[in-house]
Amino acid sequence: MVDSRLSGLFHLLLPERCSLCRQAATGPICTDCREDLPWNRHACPSCARPQESGPDHLCASCAETPPPFDASWSAFRYQAPIDLAVQGLKYNAGFRSAHWLGLEMARARAQRPQPLPQLLLPVPLHTGRLRRRGYSQALELARAMGRVLSLEVDTRSARRLRPTADQIGKSAAERPAM
Ligand SMILES: [Zn+2]
Ligand SMILES: [Zn+2]
């Protein structure tokens with residue numbers, strides 16, 4: 001409570017700066033940086049792999065072997081500055097990144113015609129990694145999205161039973177499907 005009051009006071013005293021270019025901004029990132037983000041505008045509706053142009057269609061891989069889920073969506077492509085923001089969030093407690101990433105993801109999701117989900121369920125960390133890191137980056141993102149979309153964030157219905165290897169430095173093909 002005290003922290004949020006203090007940060008509110010700082011916002012009153014200091015102009016907000018864009019998290020990416022440090023110019024004065026009216027939100028966590030400025031309009032120019034926002035427009036330059038690598039939005040995943042055209043993608044396979046099944047696995048969210050980027051496509052060059054619309055209309056969106058099933059990729060060859062999903063057409064041949066449909067994945068065991070109905071649909072997926074990704075706001076961004078994994079390119080600069082998103083890759084650095086995600087790595088900062090995972091390894092350096094980049095909560096400011098969680099704030100603007102979650103906000104932009106939520107805004108992009110709200111613009112889609114599909115109905116919103118009933119709740120957000122962040123993929124949990126294994127308890128060992130959570131203990132070492134002290135926070136869950138997926139939970140921080142889900143909280144930021146949930147605030148904007150007025151969605152409940154469910155932290156109880158999923159648990160990671162096995163520790164998995166770190167994904168940084170791996171190609172998309174080497175990463176587990178989840
Ligand atoms: Zn900027
Ligand atoms: Zn696909």
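The residues on offer are Arg175, Arg143, Arg160, Arg109, and the sole one that is modelled with pLDDT of 90 or more and closer than 25 Å to Pro67 by Cβ is Arg109. Across the range 57-66, the number of residues qualifying as open to solvent by 80 Å² or more (accessible area, probe 1.4 Å) and not in a helix (DSSP H, G or I) comes to 4. Checking His42 against (1) away from ligand 1 (no atom under 15 Å from the Cβ); (2) modelled with pLDDT under 90, which single condition isn't satisfied? So His42 meets the others, but not (2). Hey, among Cys47, Cys21, Cys33, which residue is open to solvent by less than 80 Å² (accessible area, probe 1.4 Å), within 16 Å of ligand 1 (Cβ to nearest atom) and part of a loop (DSSP other than H, G, I, E, B)? Within the list Cys47, Cys21, Cys33, the selection yields Cys21.
Scanning the range 86-134 for residues that are hydroxyl-bearing (Ser, Thr, Tyr) and loosely packed, with under 14 Cβ neighbours inside 10 Å, we see that the one that is farthest from Pro28 (Cα to Cα) is Thr127. Cβ-Cβ distances below 7 Å connect the following pairs, each with a first residue in the range 148-166 that is open to solvent by 60 Å² or more (accessible area, probe 1.4 Å), a second residue that is assigned to a helix (DSSP H, G or I), and a separation of six or more residues or different chains: Val148/Leu103; Val148/Ala106; Val148/Arg107; Glu152/Gly146; Thr155/Leu139; Pro163/Gly128; Pro163/Arg129. Scoring Arg41 on the criteria (1) charged (D, E, K, R); (2) closer than 17 Å to Ala138 by Cα; (3) open to solvent by 20 Å² or more (accessible area, probe 1.4 Å) leaves a single failure, condition (2). In this structure, Gly54 does not qualify as more than 16 Å from ligand 2 (Cβ to nearest atom) and not assigned by TED's automatic domain parsing to the domain that holds Gly94.
The values are calculated or read from the model by the stated rules, or taken from the named source; none is laboratory data. Since this is a predicted model, take the numbers as computed values, not measurements. A quick note on method: Cβ atoms are made from the backbone with ideal geometry, for glycine too, and the neighbour counts reach across all protein chains shown. Just so you know, the surface numbers come from the protein's heavy atoms only, side chains and all, with ligands and any DNA or RNA stripped out. Shrake-Rupley method; radii C 1.70, N 1.55, O 1.52, S 1.80 Å.
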